[in-house]
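Everything on this sheet refers to the single structure shown next.
The values are calculated or read from the model by the stated rules, or taken from the named source; none is laboratory data. Given the structure is predicted, the values throughout are model-derived calculations rather than measurements. Cβ placement follows ideal geometry from the backbone for every residue including glycine, while neighbour counts extend to all protein chains displayed. Accessible surface is based on the protein model in full, side chains and every heavy atom, while ligands, DNA and RNA are left aside. Shrake-Rupley method; radii C 1.70, N 1.55, O 1.52, S 1.80 Å.
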Amino acid sequence: VVEDEYKGTLYEKNGDEMSMKENELRSQLALVPHLSILIDEVHHIQNKENKLRLVINEQFNKGNTTNIVGFTGTPYARRRMSVGNFALKLDQIPSTIYHYELKNGVRNFLKLPIIRKFESNTETIVRSALDDFYATYYDQRYSDKRKTKLAIYCSSIDRLENTILPIVTEFYMSKNLDISEILTFHESSSKDSQVEFGKLDTPYSTKRIVLLCQIGKEGWDCQSLSGVVLSGEGDSPKNMVLQTSCRCLRE
């Protein structure tokens with residue numbers, strides 16, 4: 001049995017070029033004076049055995065790190081902690097010392113949302129959203145000439161192509177609009193669609209209606225969205241409805 005001298009440390013001993021580069025980078029970080037470490041999505045490293053957490057802890061012990069700051073839009077951690085004879089159930093990351101709630105950002109640096117909720121069939125919901133978008137936002141432009149857009153989330157590619165897309169296409173034809181303004185995007189989309197999705201938030205995009213499946217629920221910043229549509233119960237996981245619908249809030 002050979003003991004792994006690199007276990008639980010900054011370094012790995014795989015012998016490949018990538019490991020050598022990573023170890024060299026980590027060695028250089030240990031030499032940076034007054035190092036600050038900023039961690040995005042910090043809720044992913046709550047587990048003590050998390051590899052990144054081990055690296056950060058080891059880096060902190062080098063003595064050159066002055067502060068470590070973590071950021072998260074998901075400040076909760078479903079886990080139990082034992083304290084003596086007691087078991088505590090934690091709903092929030094224990095190291096959270098400052099939080100800024102979403103509602104405080106509205107009217108500050110976020111758009112003021114108008115939320116419409118009603119129970120009906122998919123066609124009625126989507127059609128109503130399209131009518132509202134066309135009447136209120138279609139002719140508007142942002143200051144840099146970006147066009148306003150409406151995102152419609154779909155639970156599956158089949159629902160996107162066979163249920164939602166026909167409704168949107170029929171609406172466009174009824175208004176004599178150019179159906180090339182409709183973009184469908186999912187994991188199996190063509191490279192051309194990927195390019196169009198990538199440039200959506202630019203003045204060069206001609207797309208106005210964006211049909212999405214399993215993409216864009218998080219990590220997508222499209223400031224020219226004027227609205228988001230969830231027309232079916234499965235179009236977004238219940239614990240991500242707020243996160244998904246808030247794609248249209250960013251200024």
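When restricted to residues that are more than 23 Å from Glu119 (Cα to Cα), of a type in the set (Lys, Arg), out of contact with any Leu (no Cβ under 7 Å at 6 or more places or on another chain) and crowded, with 16+ Cβ neighbours inside 10 Å, the range 129-174 contains 2. Would you check if Glu24 is modelled with pLDDT of 75 or more and either within 21 Å of the chain's Cα centre (by Cα) or open to solvent by 80 Å² or more (accessible area, probe 1.4 Å) (or both)? Yes, satisfied.
Among the residues making up the range 53-78, those that are among the hydrophobic types (A, V, I, L, M, F, W, C), free of Cβ contacts under 8 Å to residues at least 40 places away in the same chain and surrounded by 13 or more Cβ atoms within 10 Å (Cβ to Cβ) are Ile56, Phe60, Ile68, Ala77.
Filtering the range 208-238 to residues that are surrounded by fewer than 17 Cβ atoms within 10 Å (Cβ to Cβ) and within 16 Å of Tyr142 (Cβ to Cβ) leaves Asp221, Gln223. A count restricted to the range 175-207 and to residues that are assigned to a helix (DSSP H, G or I) and either more than 18 Å from the chain's Cα centre (by Cα) or buried (at least 18 other Cβ atoms within 10 Å of the Cβ) (or both) stands at 9. Any chance the range 2-15 includes a residue that's open to solvent by 80 Å² or more (accessible area, probe 1.4 Å), modelled with pLDDT of 80 or more, over 30 Å from Glu101 (Cα atoms) and not in a strand (DSSP E or B)? No, the range 2-15 has no match at all. Within the range 34-52, how many residues turn out to be within 22 Å of the chain's Cα centre (by Cα) and open to solvent by 60 Å² or more (accessible area, probe 1.4 Å)? The qualifying residues number 6.
The residue pairs whose first member lies in the range 106-126 and is in contact (Cβ under 8 Å) with a residue 60 or more places away in the chain and closer than 24 Å to Asp221 by Cα, whose second member is of a type in the set (D, E, K, R) and part of a loop (DSSP other than H, G, I, E, B), and whose beta carbons are closer than 7 Å, counting only pairs six or more residues apart or on different chains, are Phe109/Glu251; Leu110/Glu251; Lys111/Glu251.
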